[in-house]
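Following: one structure in structure tokens, then a few remarks.
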């Protein structure tokens, strides 16, 4: 993709669906989101299925000798063009129910509303 074609994309959906620390895929998604945020792109971060654990409070990956990448999501609080979305179904399936369970403020919707929001984005990336 050349630079001029990249500029045409106004909004990005980044979907996190895998748990942190099982592989580097969530960390890669985080890095892409940071780059896009620095370019002042509108970004919607969607946390579905086990991806909700990416931003769960009180993680302690030191026990498995990993860096706590979830803390890096806090940097997005200073960007105005970033929204966080979680499906209620993913929360309920994993026994989580509160916005307070996460390190950043999240918008909680059912999966059909999440799908509508994803479809409105110009470019979709899944991690």
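Results, tabulated for the structure shown:
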| item | result |
| --- | --- |
| Alpha carbon centroid spacing (whole Å) that separates the range 108-127 from the range 6-52 | 12 Å |
| Beta bridges per DSSP with both ends in the chain, % antiparallel, nearest 5 | 5 percent |
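Throughout, read-outs are computed from the coordinates displayed, never taken from laboratory work. Fair warning: this is a prediction, and the values are worked out from it, not measured in the lab.
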